[in-house]
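Below: the structure, in structure tokens.
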Amino acid sequence: MKPTHLLFRRIFLTAFMIAAVVLVVVNFYRFAASPTDENIFDDAPSQLYIFRSFPADISYYQKRDTTGVFIRDSVYAGDLLVSVGGIFWKDQDSIARFLKRVGSEEKINAIVFRSKASKMFVANFIRKDAPDSFYHEIPFTAHVREVAHNGASDRAGMLVGDLIVRINGRTFKSAIEADRILSSGQIGKTIAYDILRDNQIITLDVTLAKFGIPFFLLVIYGAGLVYILVGSFLVYKRADTTAAVLLGMAFFLIGMMLSLLGERGSLSTTPFGVFVTNVRWWSLVLGMAMLMHSRLYFPFSVQELIQKKWVAIVPYGISAITFIGIVVYQQAFAAFVSGIAMMVYYIFIRLRYKSYFSSSYRSVSRLSGWIAFACAVLGYVLTFFSDGNSGRGYLFGYAGFFFALIPLAHLYTIARYHLMELNFRVRRNVQYVIASLVWNLTVVYGAVQLIVIAVTSNMDLPNIRFTESSVEITDVPVSADERMQILKVVLILLAVLMTFVWVRLRSWGQRWIDYKFHRSHHDYRRAAAELAEVMATNLNMNDLARGMVEKLASLMHLKMAGVVFYRDEKSLCCSEVYGYESGAWQALCSKSDQPLMAAVRANTSTATINVDNLPGPLRNELRQCGFRFVIPIRSKEHTVGAIIVGERMSESPFDHDDLMFLTTVAKQASVAIENAFLYENLAEQDRLKHELNIARRIQLESLPQKTPNVRGLEIAGRSVPALEVGGDYFDYLNGKPDKFTVIVGDVSGKGTSAALYMSKVQGIIHSLNSFDLTPRELFIRSNRILCRDLEKKSFVTSIGATFLLEEKKIRLARAGHLPLYCYNASQRKVELITPLGVGLGITDDGTFEENLEEKEFAYAPGDVFVFVTDGVIEAHNIHRHEYGEERLLKLIDEKPDSSAEMLVHRIIDDVHSFTGEAMQHDDETVVVIKAL
């Protein structure tokens, strides 16, 4: 919509609403300020007054026929004869002739109006049962239908059913003319009413009230005000939205109709009164049409129905027909029929085009739709039963209560689902005040009403007489003074009982309101104990944080609560939130964790920090998310975290006790967080230990698990890592039947890094072995690869020997490793075979290849070849003495006839026996090959 069009629409609608409100106010003032006798009277239905009673069968059936259930009763003096034998009362001559010619035993049918009950009934009687003359004509009278309790007429003694004959000595021809005579009186002055009651003319002096409005009309006016306020709000806020304009104008017009309902008979005949009457019914029919039209746009647009122009036109057509019916026929009946037609039409559209209404439309409109339907039905039912002649006009006021719920339900739906781009809500603390006020006023009103009933009711008290020595109950009536004394005692007892009941009732209701609005009293001693239990049972960092925010939000009834933990006052190590979307919380933490940490560290003077006191960007971020306070968590002058809390569910401000409790929680949390850090470290150590055990098992399984069966050789090997995993390595490569190769290696360093490099070396050598290389060629190629992959500070020593089984020869190459220890059986001594060579991975500039020597020599049965790593030779005892080569050589030389397996065990056991309780500092690997 163009800005100029929108401005024009706003001006037009605003001017219209202001004019309508002025009209409502003026009409209300004219109605309320006009003189009133605080009763309601209308035209008496007949001028034939029955002054003698006679028996008859009567039926309180509203239609003028003889149907219905008849009971034996009487026609009483004071009733009005409306018709006899189908002859209306105005044709009195015909009635007289009819009664004369009817036989004495014949049954006569008559319509009678019983003024005291404001009811019309059918009476069947035998002619001889009725006196010859049982009625006579009276002047036109006004029938008193209602008398306000304790009102001006009630105080003067007027009763329902009285027939007003004259007012201030003046007769009248209609109730409107009677009301005009009443209106000519002066407020505060007395008017004389001549009334006919029980065949007697009684004069009552009624002092006109200055201001009088029936209670039920006040309720209707209140409902109208609700409609007007809601409608004006919607139109003012969203004049550019079709849904808001239609719905707002519909509510405004219906509210205008309700607010213009009050009228007095004489006022309604004036030009202004006629204008108000027409405006009232025009507002009703047009408002209902616009309400039906708005359902095409509210809560969401139904484009398929909007394109069907007739769907929107039909309600306006019904309204036009209704307005014509109001003018021509009967106002209330036509409006009633129009409302039913509108509801039927809406139900038809919903059922006929059910598929056009999306699931979102049905879900969002369910509450407002059902409340509108139910309230409309109840309102129409109550309005129908508040027939003017029934004396139940107050039911119309109760209909106002139900009608007022319709705009409020729509307003709730708009607020809940943020429809029409309106984002408004009444804060819960304001709702709490309103709910408490309404409840207390209701309790007080109920108490006052009971007191009034107790005081004004005619209690049938027993005849009790109090004496100095006893209390007597007699059948003899007591004196007026004694009866007053009894009444006072009864009223005192009732007052005590009512006070007890009402105090308990008020307390119960207030507790329920406190519970619904989260205003129940907090037992912070118990809350602190529950939080301490949560902190004591959750050692895991995430579990502790989650348990803290959930328990804190539950105990304090918070909308949201978050907690962040910092490690070494630097990095955010844990964060949890309650009542806030997880993804948005993580984004907030990643963006604001360091500014929050800096702000908390900078603020050392207060235990709680209001978000408004934080630096600008951080303050805006937290406030936008709904957080209100930051409570630092400090341990030994170090900040280990912070608790961040949002509003309470009640939306009431935090008091001193709340902030003190949060401070106490922060102190308790500091210890729990330190314990969680310790637990995390221990858990990390256990995890690493577990992973290292798995790595150790994998590494050991990567070593030869089965000793190969090689013709002419006995083979055994074993590796013992210094840590869970190590860098030593040995393997058997026997790809061909006439060859067998053994490789022993040692990666510099210990632990995980050495184990990883060892696995790399193992893979490289396994891959290159398929090329049928000699030990020297195998090491040369391996060095080229390792020089690219190993860190500069790391290297690998290795020794490799290929046994040529047919030739009984060994080809040996050594890349910086310990020598081969060879026991020569023929010479019965141990020799060290040490070819030249440097470690793998150190250099790839030709130096490695130039300095790598390969030796070939023969072996004979009984010879023993021992391969070890430096962890065996360099093993230390507690005195820092080395195991050394000499001890190893001596051990080999002592029992060369031992099996290879036995010799491996002897060497390992001897090393461990030497080191004793000293910690193993390096991996220990021994491989023994014995020629058979």
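The values are calculated or read from the model by the stated rules, or taken from the named source; none is laboratory data. Source: prediction; values computed, not measured. Glycine also receives a Cβ, built like all others from the backbone with ideal geometry; neighbour counts cover every protein chain displayed. Just the protein is used for accessible areas: all its heavy atoms, side chains included, with ligands, DNA and RNA removed. Shrake-Rupley method; radii C 1.70, N 1.55, O 1.52, S 1.80 Å.
Under a 1.4 Å probe, what is the accessible area of the range 485-598 per residue, stated in Å²?
Working: 6440 Å² over 114 residues.
Dividing the accessible area of the range 485-598 by its residue count gives 56 Å².
From the Cα gyration tensor of the range 524-681, with a ≥ b ≥ c the square roots of its eigenvalues, which class applies: rounded if a/c is under 1.5, or else prolate if a/b is larger than b/c, or else oblate? Before the final figure, lay out each step's value.
Working: a/c = 1.33, a/b = 1.07, b/c = 1.25.
Rounded shape, in that the Cα axes give a/c under 1.5.
Test of understanding: what is the full-extension gain from residue 516 to residue 207, defined as 0.36 nm times their sequence separation minus their Cα-Cα distance?
Working: separation 309, 0.36 × 309 = 111.24 nm, distance 4.93 nm.
Extra length available between residue 516 and residue 207 comes to 106.3 nm.
Once label points are set 7 Å from the Cα along Cα→Cβ at both residue 847 and residue 9, what is their separation, rounded to one decimal in nm?
Here the answer is 8.8 nm between the modelled labels.
Suppose a student asked you for the relative contact order of the range 703-931, using Cα pairs under 8 Å spaced at least 6 residues apart; what percent would you report? Please report the intermediate quantities before stating the final value.
Working: 502 pairs, mean separation 55.0, N = 229.
Normalised by residue count, the contact order of the range 703-931 is 24 percent.
Ranked highest first by the average count of other Cβ atoms within 10 Å around their residues, in what order do 40-52, 869-881 fall?
On the way: 40-52: 19.9, 869-881: 16.5.
Ranked from most to least packed, the peptides come out as 40-52, 869-881.
Report the full-extension gain for the segment residue 498 to residue 788: residue separation times 0.36 nm, less the Cα-Cα distance, to one decimal in nm.
Values: separation 290, 0.36 × 290 = 104.40 nm, distance 9.78 nm.
Once the chain is fully extended between residue 498 and residue 788, it gains 94.6 nm.
Can you tell me the orientation of helix 428-456 relative to the chain, as the angle in degrees between its alpha-carbon axis and the longest Cα principal axis, to the nearest 10?
30
Could you give the C-alpha radius of gyration of the chain expressed as a fraction of 2.2 N^0.38 Å, taking N as the number of residues it contains?
Working: Rg = 53.2 Å, N = 932, 2.2 N^0.38 = 29.6 Å.
With N residues counted in the chain, Rg over 2.2 N^0.38 Å equals 1.80.
What length, rounded to one decimal in nm, is gained on full extension from residue 309 through to residue 539, with 0.36 nm per residue of separation minus their alpha-carbon distance?
On the way: separation 230, 0.36 × 230 = 82.80 nm, distance 6.81 nm.
Full extension from residue 309 to residue 539 adds 76.0 nm.
Read phi for every residue in the range 615-623 and hand back ³J(HN,Hα) as whole Hz from Karplus 6.51 cos²θ - 1.76 cosθ + 1.60, θ = phi - 60°, with x for Gly and Pro.
Rounded to whole hertz, the list is x, x, x, 5, 4, 5, 4, 5, 5.
Report in % the part of the accessible area of the range 40-207 that belongs to carbon and sulfur, leaving out ligands and nucleic acids; probe 1.4 Å. Provide the component values of the computation, followed by the final result.
Numbers: 4000 of 8220 Å².
Solvent-exposed carbon and sulfur of the range 40-207 make up 49 percent of the total.
With every protein chain left in place, what is the accessible area per residue of the range 40-207 in square angstrom, probe 1.4 Å? Mind dumping the intermediate values first?
Working: 8220 Å² over 168 residues.
Result: 49 Å² per residue.
For helix 309-328, report the angle its Cα long axis makes with the longest principal axis of the Cα atoms of the chain; keep it between 0 and 90° and round to the nearest 10°.
Value to nearest ten degrees: 20.
Measure nothing but the geometry: give the 0 to 90° angle between the long axis through the Cα atoms of 656-702 and the longest principal axis through the Cα atoms of the chain, rounded to 10°.
40
So which of 570/636; 736/792; 570/760 end up more than 27 Å apart, counting from Cα to Cα? Intermediate results must be reported in sequence, preceding the final value.
On the way: 570/636 16 Å; 736/792 36 Å; 570/760 37 Å.
Table pairs above 27 Å Cα-Cα are 736/792; 570/760.
Keeping every protein chain present and rolling a 1.4 Å probe, give me the accessible area per residue for the range 703-931 in Å². Please report the intermediate quantities before stating the final value.
Details: 10470 Å² over 229 residues.
Dividing the accessible area of the range 703-931 by its residue count gives 46 Å².
Counting only C-alpha contacts under 8 Å and six or more residues apart, can you give the relative contact order of the range 97-227 as a whole percent? Please list the in-between numbers first.
Values: 181 pairs, mean separation 23.3, N = 131.
Reported relative contact order: 18 percent.
Taking amide H positions as placed in the peptide plane 1.01 Å from N, state which residues far from residue 815 in sequence (5 or more) or on other chains have amide H under 5 Å from it.
Long-range HN contacts for residue 815: 798, 799, 800.
May I ask you to give the percent of accessible area on the range 524-681 that is carbon plus sulfur, with a probe radius of 1.4 Å? The partial results should precede the final answer.
Numbers: 3690 of 7360 Å².
The nonpolar share, carbon plus sulfur, comes to 50 percent.
Let me have the relative contact order for the chain, percent, based on Cα pairs under 8 Å that are six or more residues apart.
Working: 1545 pairs, mean separation 56.3, N = 932.
Relative contact order, the chain: 6 percent.
Straight-line reach from residue 559: which lysines have Cα under 25 Å away, leaving out those fewer than 8 places along the same chain?
Excluding near neighbours in sequence, the set is 516, 551, 591, 667.
Under the classification rounded if a/c is under 1.5, otherwise prolate if a/b is larger than b/c and oblate if not, where does the range 703-931 fall, given a ≥ b ≥ c as square roots of the Cα gyration tensor eigenvalues? Present the calculation step by step, with values, prior to reporting the outcome.
On the way: a/c = 1.61, a/b = 1.05, b/c = 1.53.
Taking the square roots of the gyration eigenvalues as a ≥ b ≥ c, the range 703-931 is oblate.
List the pairs from 829/895; 808/890; 809/930 whose alpha-carbon separation is above 20 Å, in the order I gave them. Could the numbers behind the result be given before it?
Numbers: 829/895 11 Å; 808/890 26 Å; 809/930 13 Å.
Beyond 20 Å between Cα atoms: 808/890.
For the chain, what is the calculated [θ] at 222 nm in deg cm²/dmol (nearest 500), taking -39500 (n - 2.57) for each run of four or more DSSP H residues and dividing by its residue count? Please list the in-between numbers first.
Working: 26 runs with 464 residues, N = 932.
So the calculated ellipticity at 222 nm is -17000 deg cm²/dmol.
On a C-alpha basis, how far is the centre of the range 506-538 from the centre of the range 287-354 in Å? Whole number, if you could?
The range 506-538 and the range 287-354 have Cα centres spaced 51 Å from each other.
Which of the lysines could a cross-linker span from residue 116 if the Cα-Cα distance has to be under 24 Å and same-chain partners fewer than 8 positions apart are dropped?
The qualifying lysines are 63, 90, 173.
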